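Scroll down for the structure; my scribbles are underneath it.
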Amino acid sequence: MKKEDIEALGLLLSTPKKIAIIPHRSPDGDAMGSTLALYHFLLKLNHKPVVIAPNEFPDFLAWLPGSDKVLIFEKDKENTTKMLQESELIFTLDFNALHRTGEMEHVLNKLQTTFVMIDHHQSPDDFAQFTYSDTNFGSTCEMIYNFISLLGKKDQLDQTIATCIYTGILTDSGSFRFPKTTGTTHRIIADLIDLGAENTTIPTLLFDNNSYDRLQLLGKALQNMKVFPEYKTTYISLSQEELDTFHYVKGDTEGIVNYGLTIKGIHFAAIFIEHKDEKIIKISFRSQGDFDVNQFAREHFSGGGHINAAGGKSNLSLKDTIAKFEKLITQIKI
Ligand code: 5GP
Ligand code: MN
């Protein structure tokens with residue numbers, strides 16, 4: 001972040017303010033971890049912060065400190081719109097374009113408030129007065145740690161903030177495996193553990209909370225997997241009917257796409273999930289190595305993300321979406 005931006009933000013944060021903090025729609029561990037870390041930090045600086053998520057967050061994040069205070073825009077539009085309008089400062093975390101907030105975009109677009117974006121996705125839109133955007137970071141949570149450090153407020157870090165930051169770094173780095181995990185990341189993690197982040201408990205809370213139905217759905221997904229060794233590609237599909245059979249709840253399909261990459265020699269994995277209520281197929285892409293799934297998702301499936309992890313959607317049927325994908329993989333170099 002530019003020196004003059006940090007100075008200006010330091011000044012803005014030197015007097016108590018009403019501050020809204022917003023993650024992207026369908027927030028993940030990094031989006032929730034970063035918004036809640038910032039929430040607890042701003043509380044300590046005597047501000048009046050509120051986290052307003054566009055829609056519900058998954059159950060496996062409901063233990064995060066402060067998650068019970070998170071307001072859900074799509075469940076209470078009137079009240080949350082009013083709070084957004086009354087905010088003196090708005091932080092948008094872990095996304096690069098306002099449309100990532102879904103319907104909330106229309107409210108945000110009309111506001112004259114000062115926006116601060118902190119994010120690690122490619123090609124950020126130009127909607128914020130202050131943009132701290134850097135794709136070299138593996139997570140927005142690592143950037144929040146840096147942001148607090150740049151403000152000269154590391155003395156405010158405590159166990160609660162450390163727990164939130166630890167969560168986002170852990171989830172967005174695939175448990176410290178993905179390429180953007182650096183020595184600096186690990187030094188920050190060490191600091192967070194010293195501050196009280198429980199490094200053996202947090203992964204258990206996040207990952208060891210399967211329901212029987214969720215494991216059965218995973219079994220179905222793995223059975224549905226198609227492998228194309230000649231294109232180093234694999235995909236999984238789940239129809240609405242299959243989701244219903246296993247009583248799908250939000251978060252159940254999280255991470256399933258990664259199984260594709262665990263097959264030896266596979267560099268590109270996708271999952272297609274039918275959402276009949278929204279009339280879309282939600283897609284996740286993952287890659288290993290140089291194949292840029294962000295570009296692929298942008299070009300072909302109205303999406304985006306990072307080089308090795310991206311998402312998108314399709315308005316075609318599940319069958320037609322898959323047919324389109326099968327054709328595309330014969331035309332690209334993976
Ligand atoms: P996931 O596949 O876990 O939903 O998302 C992987 C990455 O791609 C995340 O960083 C997420 O924010 C991003 N992403 C997912 N869906 C979309 C989308 O529709 N548009 C854009 N621009 N990014 C997405
Ligand atoms: Mn992230």
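The values are calculated or read from the model by the stated rules, or taken from the named source; none is laboratory data. All values reported here derive from a predicted model rather than from experimental measurement. Glycine also receives a Cβ, built like all others from the backbone with ideal geometry; neighbour counts cover every protein chain displayed.
For the subset of region 299-323 comprising residues that are within 16 Å of ligand 1 (Cβ to nearest atom) and in a helix (DSSP H, G or I), which member is surrounded by the fewest Cβ atoms within 10 Å (Cβ to Cβ)?
Ranking the qualifying residues of region 299-323, first place goes to Glu299.
Of all residues in region 146-162, at least one satisfies being at pLDDT 95 or above, within 16 Å of ligand 2 (Cβ to nearest atom) and in contact with a strand residue (DSSP E or B) (Cβ under 9 Å, 6 or more places away or on another chain). The residues listed here are Asp119, Asp125, Asp134; of these, the one that is more than 13 Å from ligand 2 (Cβ to nearest atom) and either over 17 Å from Ala8 (Cα atoms) or assigned by TED's automatic domain parsing to the domain that holds Ala309 (or both) is Asp125. Filtered by the rule that a residue be in contact with a helix residue (DSSP H, G or I) (Cβ under 6 Å, 6 or more places away or on another chain) and in a helix (DSSP H, G or I), region 61-109 gives Leu61, Phe73, Thr80, Thr81, Leu84, Leu98, His99, Met104, Glu105, Val107, Leu108.
Annotation: of all residues in region 211-233 being loosely packed, with under 13 Cβ neighbours inside 10 Å and not aromatic (Phe, Trp, Tyr), the one that is farthest from Glu326 (Cα to Cα) is Leu215. Summed over region 167-180, residues that are within 13 Å of ligand 2 (Cβ to nearest atom), of a type outside the set (D, E, K, R) and out of contact with any Cys (no Cβ under 9 Å at 6 or more places or on another chain) total 3. Restricting attention to region 170-193, the residues that are within 16 Å of ligand 1 (Cβ to nearest atom), more than 17 Å from Trp63 (Cβ to Cβ) and part of a helix (DSSP H, G or I) add up to 1.
Counting only residues that are touching a residue at least 60 places away in the same chain (Cβ under 8 Å) and either away from ligand 1 (no atom under 12 Å from the Cβ) or not assigned by TED's automatic domain parsing to the domain that holds Gln223 (or both), how many does region 260-298 have?
Within region 260-298, residues that are touching a residue at least 60 places away in the same chain (Cβ under 8 Å) and either away from ligand 1 (no atom under 12 Å from the Cβ) or not assigned by TED's automatic domain parsing to the domain that holds Gln223 (or both) number 2.
When the strands (runs of 3 or more DSSP E) confined to region 223-286 are screened for residues that are of a type in the set (Ser, Thr, Tyr), those reaching at least 2 such residues are found at 233-238. In the set Asp59, Asp68, only one residue is among the charged types (D, E, K, R), in the same structural domain as Ile148 (by TED's automatic domain parsing) and within 22 Å of Ile169 (Cβ to Cβ); that residue is Asp59.
Selection of first residues in region 25-49 that are among the acidic types (Asp, Glu) and of second residues that are buried (at least 24 other Cβ atoms within 10 Å of the Cβ) and part of a helix (DSSP H, G or I), restricted to Cβ pairs under 7 Å at least 6 apart or on distinct chains, gives the following pairs, ordered by first then second residue: Asp28/Thr171; Asp30/Thr140; Asp30/Cys141; Asp30/Gly168; Asp30/Thr171; Asp30/Asp172. In the set Leu150, Leu218, which member is in contact with a helix residue (DSSP H, G or I) (Cβ under 9 Å, 6 or more places away or on another chain) and assigned by TED's automatic domain parsing to the domain that holds Tyr248? Within the list Leu150, Leu218, the selection yields Leu218. Against the criterion of being touching a strand residue (DSSP E or B) at 6+ places or on another chain (Cβ under 6 Å), of a type in the set (Phe, Trp, Tyr) and not in a strand (DSSP E or B), Phe291 qualifies. Being in contact with a helix residue (DSSP H, G or I) (Cβ under 7 Å, 6 or more places away or on another chain) and closer than 16 Å to Leu64 by Cβ is a property that Ser26 lacks.
Could you go through region 24-34 and let me know if any residue there is more than 16 Å from ligand 2 (Cβ to nearest atom) and either of a type in the set (A, V, I, L, M) or part of a helix (DSSP H, G or I) (or both).
no
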